[in-house]
1. Efficiency by 1/(1 + (r/R0)^6): what FRET value for F87 and L67, r their Cβ-Cβ distance, R0 = 22 Å, to the nearest 0.05?
2. Across 10 Å bins from 0, what is the distribution of all Cα-Cα pair distances for the stretch 20-123, in whole percents?
3. What are the ³J(HN,Hα) values, in whole Hz, obtained from phi via the Karplus relation 6.51 cos²θ - 1.76 cosθ + 1.60 with θ = phi - 60°, for each residue of the stretch 95-100 in sequence order, with x given for Gly and Pro?
4. Quick one: if you stick a label point 7 Å off each Cα along the C-beta vector at A128 and V33, how many nm between them?
Amino acid sequence: MRAGASAQQALAADIDYMVFYLFAALFAVSLLVALAASAVCWLRFGLKANGTRLWLFVMGCVLFSYLIGLALISHDPYFDDNGVPEFIPWRFRWGWAWIYAGLLQFAVIPCGFGLRAGLRFLGRRKPAGAAE
């Protein structure tokens, strides 16, 4: 019974370790998809096409989520390791920023689309005193 419990604990620790890097992989996939889609739309339809601009906007949002993640990890470069604060050196902050970006892109991309839609709506709206 003891050996089975330790095997389960080891499996749980491995799963926790893999989930930790899931968001970094998700960020990489999102960045590659946005880059590939914008390149394909650019080559097929040109830079002024709506599809190309949309995918470039998505890629900008994904990169902005990375910049936010890098700023967050640079602002507070410590993590709690069983009650002991551990300093994160610069060579590892880039990876931590990828993990944060994978989490943040779920908020940044929808907020970016909402901001884009709002600005486009305000740009198309006629002023209050304009003749119809």
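1. 0.50
2. Histogram of Cα-Cα distances, whole percents per bin: 15, 36, 29, 14, 5, 1.
3. Along the stretch 95-100, the couplings run x, 5, 5, 5, 5, 4 Hz.
4. My value for the distance between the label points is 4.3 nm.
Every read-out reported here was derived from the displayed coordinates using simple, explicitly stated rules and does not represent laboratory data. As the structure is a computational prediction, the values presented were derived from the model and not from experiment. All Cβ positions, even for glycine, are placed from backbone atoms using ideal geometry, and neighbour counts span all protein chains on display.
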